[in-house]
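Presented below is the structure to which this report refers.
The values are calculated or read from the model by the stated rules, or taken from the named source; none is laboratory data. Bear in mind that the values here come from a model prediction, so they are computed numbers and not experimental data. Neighbour counts are summed over all protein chains in view; Cβ atoms, including those assigned to glycine, are modelled from backbone coordinates with ideal geometry.
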Amino acid sequence: MKNVRHWLVGSLVVLGTLLLLSGCGPFGKPSVDDIVAHIQQAQKATQRVHAVMDTTFTIQADNKPMTTTMVMEEWVAGPDKLRMEYKDGPAATKGMLMVMNGNTMWTYFPKTNQYMKSDISGLKDLTQASGGDMALQTKKMVTQMLDTMDFKYLGTEKVAGRKAYKLLATPKPGKKPEAGLLGGSATVWIDAQYWEVLGMESKIKNQGSFSFHYRSIEYNPTLPDSLFTFTPPPGAKAMTEENGGPQFKTMTLAEARKAVDFPILVPTKLPDGIKLQTVEVTTMKIMNGQKTMTNVILMYSAGLKGLSINESRLPKGASVDVMKDMPPGVKAEKVKVHGQDAVLINTGMGNIMLSWTEKDVQIIVNSQMDKKTLLQIAESMQ
């Protein structure tokens, strides 16, 4: 979760900086290196933030729009301290709390009054190990956006009571829709003083839309350490391995192969630049605690491109229904992978899920790549 959030925030900062610096009106046309330097300066300028944000997803299901809205409040104190509360939204997420402090992350689920404590030192070690490549990754992201998107300056507006630049990014003619941010056009509001992204609206024709806007934002406030310490509510129970709670551990691919009792398949053909970033092994009790399921998640990325591969050996009598949590109306397309029956699902906003079972191992691949590329990746897995 930590890596995903950093990727999203980093992507939005890159997009906003590009919109302002890559030929939008009076902002000039600096080099890629100049843009990367400006992004790094902007990130250093705001180490602490307190904000309330609305996020809305709309997808098309049976030609009817289905909208989900969430309200989140977050406190951020540097790269290792985060508190996020889900104030409003779907019943499954309303009231959820996530607290991250150093190598530890707590997640609280109010619906069941349970909480989970996770050691994320593995993620931190991986981030530090790749620290020398962060500038290179940002440079790739900048280059990709400049190559695939056109930019337009639309003026200024007020967002969260602050002056913001309003900007538009659209995929260049002839480029695949998925080449742009979220696969479509994006309107972005950038804080005129701190260069933070205060809002974004992105749409994909005939698929849906995604937007977020800050209701309020405070830069560099005084944040007490107590915000980043989790105290279980009365009666809350810890989710442990003994009572069926999921257990997470980040490790190398070699370590993961020794930790599980099934072969981990990895792609041998990937789009240029995409590399394995993290490997996470999860164990949890299923079937009323009678069986233990081990799951491996492989995360690949390069710039804005990325995919996740989820692999798990299903205990006898267990099954996975990939359509279970999908909105009504989302349909599956039947395809073949390694000669096995598979399903391909467009889950909305350019995201595709591919699922099949091979030698009792359930494999699910998620990406915003196109169908052809995703099938080629899956066929190359061995």
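As for the stretch 259-282, it holds no residue that is touching a Gly at 6+ places or on another chain (Cβ under 9 Å), at pLDDT below 90 and basic (Lys, Arg).
Being modelled with pLDDT of 85 or more, under 16 Å from the mean Cα position of the chain (by Cα) and farther than 19 Å from Phe248 by Cβ, is that true of even one residue in the stretch 367-379?
So far as the stretch 367-379 goes, yes, one or more of its residues are modelled with pLDDT of 85 or more, under 16 Å from the mean Cα position of the chain (by Cα) and farther than 19 Å from Phe248 by Cβ.
Take the stretch 184-203 and flag every residue that is outside any loop (DSSP other than H, G, I, E, B) and either buried (at least 21 other Cβ atoms within 10 Å of the Cβ) or small (Gly, Ala, Ser) (or both). Hits for the stretch 184-203 are Ser185, Ala186, Val188, Trp189, Ile190, Asp191, Val197, Leu198, Gly199, Met200, Ser202. Got at least one residue in the stretch 177-187 being at pLDDT 80 or above, assigned by TED's automatic domain parsing to the domain that holds Gly89 and farther than 22 Å from Thr68 by Cβ? No, the stretch 177-187 contains no residue that is at pLDDT 80 or above, assigned by TED's automatic domain parsing to the domain that holds Gly89 and farther than 22 Å from Thr68 by Cβ. Filtering the stretch 63-85 to residues that are in a strand (DSSP E or B) and over 26 Å from Ile204 (Cα atoms) leaves Glu73, Glu74, Trp75, Val76, Ala77, Lys81, Leu82, Arg83, Met84, Glu85. Among the residues of the stretch 291-319 satisfying the criterion of being exposed (fewer than 14 other Cβ atoms within 10 Å of the Cβ) and modelled with pLDDT under 65, which is nearest to Met369 (Cα to Cα)? By that ranking, first place goes to Ser319. Consider Asn63 carefully, then state whether it is at pLDDT below 85 and either crowded, with 18+ Cβ neighbours inside 10 Å or under 24 Å from Asp119 (Cβ atoms) (or both). Considered against the rule, which asks whether it is at pLDDT below 85 and either crowded, with 18+ Cβ neighbours inside 10 Å or under 24 Å from Asp119 (Cβ atoms) (or both), Asn63 comes out as no. Count of the stretch 66-112 residues, restricted to those that are surrounded by 16 or more Cβ atoms within 10 Å (Cβ to Cβ) and within 16 Å of Thr347 (Cβ to Cβ), is 1.
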